Amino acid sequence: AVRSRNLRVAGFPQFEPQPSPESDADFHYSAVFEVYPEVQLGDLSSVTIERPVQEVTEADVLACMSQGTYEMHKTRVNPSTGVIFVDTQMVKPDPSSPVKHIPVPANESALKELGNRMAANMVLLGAVVKTARLVSEESLLQSLSRRVPASFLETNRKALSLGFRLAEGA
């Protein structure tokens, strides 16, 4: 029936047993399935689909944990109002750059104080949030609770707090 009617099956069929006469030893069932609706598309040749492309030309904040990222994006930061946060162990800032740089010992501090270098990104994020005031510390911590698995939550909270403290000294 599916092929002869050219139906497009949506999903898997459900098999429902049917009562059979007592004299019949065969098993009877019906297969029930949903089908996609028949849709006839009109002529779309005159339709134009626009897809605007947005590009950040001058960023206000850049956080870099690698030299490659720094080199790739350092010229995209607004030289008069922007700021670049760099991990002191991983990034050597360009001394000729007109942009303000804030050094953050994210890797070093994560390893020394938390015993976990993997938390360095959260340390840097904490320093960025504290300094740039992009969102409140409380809001960031609440968001973290909703998005990070419980097994990593405490380490990430400590890392953010460490970043907040490091930024106070900057």
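Things to note:
- Residue within the range 42-63 that is within 40 Å of the chain's Cα centre (by Cα), under 30 Å from residue 135 (Cβ atoms) and small (Gly, Ala, Ser) present: yes
- Among the residues of the range 15-39, those that are of a type outside the set (Val, Ile, Thr) and outside any strand (DSSP E or B) comprise 19, 20, 21, 22, 23, 24, 25, 26, 27, 36, 37, 38.
- Of everything listed in (1) part of a loop (DSSP other than H, G, I, E, B); (2) surrounded by fewer than 10 Cβ atoms within 10 Å (Cβ to Cβ); (3) not acidic (Asp, Glu), the single unmet condition for residue 12 is (1).
- Residue list for the range 85-98, restricted to those being surrounded by 17 or more Cβ atoms within 10 Å (Cβ to Cβ) and either in a strand (DSSP E or B) or in contact with a Ser or Thr (Cβ under 9 Å, 6 or more places away or on another chain) (or both): 85, 86, 87, 90, 91
- Taken together, 49, 102 contain a single residue that is farther than 30 Å from residue 10 by Cα and hydrophobic (A, V, I, L, M, F, W, C), which is 102.
- Residue selected from the range 34-84 under the condition charged (D, E, K, R) and surrounded by 10 or more Cβ atoms within 10 Å (Cβ to Cβ), by the criterion nearest to residue 127 (Cα to Cα): 60
- Selection status of residue 30, over 28 Å from residue 117 (Cβ atoms), surrounded by 10 or more Cβ atoms within 10 Å (Cβ to Cβ) and in contact with a His (Cβ under 9 Å, 6 or more places away or on another chain): no
- Residue within the range 5-12 that is on the phi < 0 side of the Ramachandran plot, of a type in the set (Gly, Ala, Ser) and touching a residue at least 12 places away in the same chain (Cβ under 8 Å) present: yes
- Residues (farther than 23 Å from residue 101 by Cβ and charged (D, E, K, R)) located in the range 123-170: 138, 146, 147, 154, 157, 158
- Counting the residues of the range 118-165 that are part of a helix (DSSP H, G or I), touching a residue at least 12 places away in the same chain (Cβ under 8 Å) and within 20 Å of residue 60 (Cβ to Cβ) gives 14.
Any read-out appearing in this document is the output of simple, stated calculations on the displayed coordinates, not a laboratory observation. This structure is a prediction, so every number in the text was calculated from the model and none was measured. Methodologically, a virtual Cβ is constructed for each residue, glycine included, from the backbone with ideal geometry; neighbour enumeration extends over all protein chains shown.
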